[in-house]
Structures are given as C-alpha cells and as structure tokens.
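Step one of this worksheet: look at the structure below.
Here, each number is a calculation from the coordinates, and none is a lab measurement. Keep in mind the model is a prediction, meaning the values are calculated, not measured. Using ideal geometry, Cβ is built from the backbone for each residue, glycine included, and neighbour counts are taken over all protein chains shown.
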Amino acid sequence: MTARFAPDLVGDELVALTRRLGEPERDLVILAEGNTSELVADDTIVVKTSGASMRDATHDDFVAVEVSPLIALLRSADTTQEQVTAALDAGERGGVRVRASIETLIHVAVRAFDPARYVAHTHPTAVVSLLASVIAAESFAAPVYSDELMVLGRPLFVPYAQPGIDLGRAFLERLGAHVDAHGEVPSLILLGNHGIVATSHSASGAEAVSLMAVKSARVRLGALQAGGIAGLDEAATAHYFDRADFRERRQTLSGTGR
Ligand SMILES: [Zn+2]
C-alpha cells in the first residue's frame with residue numbers, strides 16, 4: 001500500500017483550487033469527475049480520492065501517495081490493474097474504503113519528469129467536444145490566437161486509453177517523448193475522448209491553463225461553424241518565446257519555471 005490518509009498534508013490552496021474548478025457554471029466537471037494534486041514533498045503528492053466531488057472537496061477528500069513506487073509500477077511491463085488498485089488503497093475510514101483516484105497515475109507520471117507543484121485534471125464539455133471529434137488529434141496542433149499560445153504553450157495530445165494502468169502507461173510514454181523533443185513538460189495535455197491535464201507551479205496557473213483550454217476549444221468550435229479553423233502558422237509563432245517579455249508573462253500567468 002502506498003496511499004495513506006494524511007489531511008495535515010493537504011493545503012488550503014489545493015482545496016480552494018479544486019472547489020473553484022468544480023464550480024458548475026464553469027462546466028469543467030460534474031459529479032465526481034476530475035481530480036487535482038499537489039506535490040507536498042520530494043516524493044509525495046496529495047491527490048483527490050475516488051468518488052469525491054471537486055465542487056464540495058474538503059481536506060478529507062485527499063490522500064497522500066508516494067510517487068516513485070507508482071512510477072515503478074507504471075514502468076514495469078508485468079503490472080496488473082489489480083496491483084495498481086491495491087497501491088491506491090488507503091484503507092477504511094469510518095467504515096468506508098478510501099482510495100486515491102484511479103487517475104492518480106496521470107498525476108504521478110507528470111512528476112516523473114517535472115516537480116510541478118499542481119496538476120489539475122478535468123473533463124470540460126467544450127474541450128471534450130473537440131477531443132471526441134474526427135479532428136481530435138490535430139485540433140490543438142497549432143495555436144489560433146496569441147493569448148492561448150501565451151498561456152497554454154505547446155499542448156500535447158495523448159490518444160484514448162482506458163483509465164488505469166493503460167492510460168497511465170500511454171500518458172507516461174507520450175509525455176516522455178514530448179519532454180525529449182521540447183525539453184519541458186507541457187502546461188496542457190489533451191486526452192483523446194476524455195479531458196485535459198493542466199500542470200503548473202502555482203494554483204492560479206493550473207486554473208488559468210484549464211480556463212484558457214476551455215476558451216480555446218470554444219474559439220475552435222466557433223471557427224468550425226464559420227467554415228474551418230485557420231491556425232497561426234509556424235513562421236508567425238516560431239520565435240515567440242525568444243522574447244523575454246513573452247517568457248516572463250507566460251511564467252506569471254501559467255506558473256511555468258520555478
Ligand atoms: Zn478523467
């Protein structure tokens with residue numbers, strides 16, 4: 001067992017971020033969809049439990065898990081879903097079994113490459129509309145306006161895999177390839193037919209990336225209604241982050257860098 005109940009480790013900022021992302025009018029999640037985590041020590045994250053609502057989250061709706069044993073499970077070809085489920089089990093509390101979200105593997109996979117303080121995973125209707133469409137894989141390939149490039153940077157697309165060990169492995173592999181190619185963990189990861197993952201060193205950055213992803217999806221859906229998406233071409237954006245003022249602004253808004 002690597003998961004444990006540790007409400008003392010759960011920060012107020014994480015709880016507040018989780019509740020804000022769960023506000024119904026934002027349409028990012030309903031019911032018990034979505035989850036958030038915070039890196040609270042070198043190898044420890046606190047992550048939302050399975051079945052808890054983001055909107056009503058409290059300190060008791062998170063458990064602590066160690067990152068490296070779960071990464072080792074993800075990297076082993078022999079790991080079964082049963083082993084993962086057992087590792088996420090934090091035991092019984094008040095007669096109820098408490099388990100870290102099955103999507104905890106996404107949260108630990110990010111920390112295999114970067115000590116991002118906050119990771120927020122949601123299922124925004126506008127973004128999932130695009131990610132469930134025939135243009136899912138390329139829908140965010142090029143930025144379509146400069147403010148989204150500022151906040152989102154260059155997103156990564158991960159094709160659909162069943163939540164659990166399958167998605168964890170696919171996510172770890174695609175993220176590793178992205179880090180090899182671009183030297184950084186992306187601020188936004190798009191999960192085909194599923195949702196989004198925002199990574200940031202600040203709670204406000206994780207929120208900004210999530211909300212900008214929704215706006216960007218709405219812009220694309222609008223452009224499709226108007227005849228098609230016209231992205232900014234490579235030449236227009238190639239040296240965008242060579243500009244120190246743009247880099248600094250991105251760092252402030254999205255919580256990139258440390
Ligand atoms: Zn999900």
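Given a 10 angstrom Cα cut-off, can you work out which residue in 39, 172, 31 is the most mobile in a GNM of the chain?
Checking each option, the largest mean-square fluctuation is seen for 31.
Under 8 Å for C-alpha pairs, at least 6 residues apart: give me the relative contact order for region 186-240, rounded to a whole percent.
Relative contact order for region 186-240 comes out at 20 percent.
Could you estimate the translational diffusion coefficient of region 5-91 from the Stokes-Einstein equation, with Rh from the Kirkwood formula over C-alpha pairs, at 20 °C and 1.002 mPa s, in whole µm²/s?
Rounded, D is 155 µm²/s.
Given a cut-off of under 8 Å on Cα pairs at least six residues apart, what relative contact order in percent is computed for region 7-254?
Once normalised by length, the contact order is 19 percent.
Where does the Debye-calculated log10 I(q)/I(0) of region 117-258 sit at q = 0.14 Å⁻¹, using only Cα point scatterers of equal weight, no solvent?
-0.63
Could you give the size of the charge dipole of region 1-91 about its Cα centre, using +1 on the Cβ of each K and R and -1 on the Cβ of each D and E, expressed in debye and rounded to the nearest 20?
Dipole of region 1-91, to the nearest 20 debye: 120 debye.
Can you list the DSSP H helices in the chain whose Cα atoms extend at least 30 Å along the helix axis and whose mean Kyte-Doolittle hydropathy is 0.5 or higher?
Answer set is 203-225.
Which number do you get for Rg(Cα) / (2.2 N^0.38 Å) in the chain?
0.98
So what are the three principal axis dimensions of region 58-189 from its Cα atoms, in whole Å, longest to shortest?
So the extents along the principal axes, rounded to whole Å, are 51, 32, 29.
Where the only charges are on Cβ atoms (+1 Lys, Arg; -1 Asp, Glu), what is the dipole of region 7-254 about its Cα centre, to the nearest 20 debye?
Magnitude of the dipole: close to 440 debye.
Scan region 135-235 for chymotrypsin sites (Phe, Trp or Tyr not before Pro) in coil per DSSP, keeping those whose Cβ has at most 15 other Cβ atoms within 10 Å, and list them by number.
Hits after loop and neighbour filter: 145, 160.
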